[in-house]
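Asks: The structure follows.
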Amino acid sequence: LQIIHMSDLHIGAKPHNEPTIYNDIIEAFSNSVEIIKQEKPDLVVIAGDIFHTPKPDNDSLRFVMAKFKEIASFDIPIILAHGEHDTPGRRESTILQVISSALDKVYAPYYESKPSSSGEPVYGNIVKDTWMKVRGLNIFVYPFKKMSQEKRKSFSKQLLPYYNKFIKREGGKSIFVGHFSIDPIFVYDAIATEDDLPDANYIALGHVHKRHIIRGPKYFVYPGSLYPLDIREAEYKNKRGPILVDLSSDEPSIEEIGIPIRSNVIGDLEINDERQIDKKIKGFVEVKKVQAGHKKPIIYLRIRMGKNVYSRVVLQSIERVGKETDVVIIPILERVGIKEEGTYRISSSDRNSLDPVFVMVNSLKIKEEVAKLLIELRDASLNENDEKVDEILSTLSTIAYSDLKVWI
Ligand SMILES: [Mn+2]
């Protein structure tokens, strides 16, 4: 009993509007499908964020459907879990539901909330609705819903305990598939802890873009993003590609299958004099190009600009050098040494920089209280909770009013 587990493909993403990355992401999935055709597992599980957006471009959609058809032609079923990127905010069919209704052997379990008349717990029904049996294996797909962080947490607290009842009652082998982060793997938006995870033989997770493989007491894996989507992910030195899980014996065996990925490198340069920019950048790029071998690298170039250097001049230089060396250079500009003029820097190694509240407070110079409300407002509107939207708007206007009073 073998499973290929992947997640966070983000097909259709075009970070920094860079076609090379768009194509690389597609190629990475293509190569993974070749591995699937070689290994011929009993099942393929993709644990969310197959697409980068709920309505992917037609080329991405056509490509994914062709690849799924190829896999299905080997009589291998595909289980798709929904992630935050491929689930629409409105109540409408999801792209994964569309695909699964069009293709044989492709399943995308989805829980549609039904009004409960009695107010009785419906969690048992949710588990039942999103539970599948394929080749004797029980597959539980945790439902993904666009909800606020708090709601997601209380939902998981109530729903997760139900899985063990079903797992025990059914017996045999079982896997649990979910798209969420857990404490302590990724604390910031965790909705549960490792202890809360069901006692399935294997737990196929998605959402965390850095690879994590945990072999016992619970066996769970975050395969991570298939291709680095930004400078932060370019720093992850893990293998990329499918995870091959063998459930034949008591303890699952977990194997990483690497696929070739273009090297994504990070460079740091400090520029204080505009006259030497081209030479400096070119020298750096040439070295990285040689190190990368046969396939030209993608270079995330972090440039610390001195006081008298114009960002426009730096960007023009990068464009020139990129063309000349035929290398994709993604500039990340930071201003140094003029803090007093009101500029700021967010270091990517700073854990806090992942926190949207921190980013908003520092970049927009707003109160923490307001930043939190704005994030809640976004969640409420995604969730189409009109009541909550009104409530937040009225709170915001009160805060703004009391702020104004200080100035009047
Ligand atoms: Mn993702």
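Asks: Does region 227-272 come out rounded, prolate or oblate by the C-alpha gyration tensor, with a ≥ b ≥ c the root eigenvalues, rounded set by a/c under 1.5 and, if not, prolate when a/b is larger than b/c and oblate if not?
Replies: prolate
Asks: When the accessible area of region 208-297 is split by element with a 1.4 Å probe, what percent falls to carbon and sulfur?
Replies: That fraction is 50 percent.
Asks: Something else about it: Using Cα-only point scatterers and the Debye equation, what is log10 of I(q)/I(0) for the chain at each q in 0.08 Å⁻¹, rounded to two decimals?
Replies: Listed by q, the Debye log ratios stand at -0.52.
Asks: Which of the helices in the chain, when you take each full DSSP H run, stretch at least 18 Å along the axis at their Cα atoms and have an average Kyte-Doolittle score of -0.5 or higher?
Replies: The answer, listed by residue number, is 19-39, 58-72, 277-292, 311-325, 368-382, 386-407.
Asks: In whole Å, how far is the Cα centre of region 366-394 from that of region 40-86?
Replies: Region 366-394 and region 40-86 have Cα centres separated by 33 Å.
Asks: Taking H as built 1.01 Å from N, whose amide H comes closer than 5 Å to the amide H of HIS85, not counting residues under 5 places away?
Replies: ASP49
Asks: Hey, can you grab everything whose amide H is under 5 Å from the amide H of ARG335? Only 5+ residues off in sequence or another chain; H modelled, so Pro and N-termini drop out.
Replies: So ARG335 has HN proximity to MET305.
Asks: Counting only helical runs of four or more DSSP H residues, what would the 222 nm mean residue ellipticity of the chain come to if each run contributes -39,500 (n - 2.57) and the total is spread over all its residues?
Replies: Calculated from helices alone, the mean residue ellipticity at 222 nm is -12000 deg cm²/dmol.
Asks: In whole percent, and with a 1.4 Å probe on the protein chains, what portion of the accessible area of region 1-144 is carbon and sulfur?
Replies: With neighbouring chains kept in place, the figure for region 1-144 is 47 percent.
Asks: Any aspartates and glutamates with Cα under 19 Å of the LYS365 Cα? List them, leaving off those in the same chain fewer than 8 positions away.
Replies: GLU334, GLU340, GLU341, ASP350, ASP355, GLU376, ASP403
Asks: In addition: Quick query: amide H of ARG240 versus all other amide H atoms, modeled in the peptide plane; which residues come in under 5 Å with a sequence gap of 5 or more or a different chain?
Replies: ILE259
Asks: Here is a further query. Explain nothing, just compute: Karplus ³J(HN,Hα) = 6.51 cos²θ - 1.76 cosθ + 1.60, θ = phi - 60°, for every residue of region 219-226 in order, whole Hz, x for Gly and Pro.
Replies: Computed from phi, the couplings for region 219-226 are 9, 9, 9, 9, x, x, 5, 6 Hz.
The values are calculated or read from the model by the stated rules, or taken from the named source; none is laboratory data. Computed from a predicted model, the values in this text were never measured in an experiment. Surface accessibility is based on the protein's heavy atoms, side chains included, excluding ligands, DNA and RNA. Shrake-Rupley method; radii C 1.70, N 1.55, O 1.52, S 1.80 Å.
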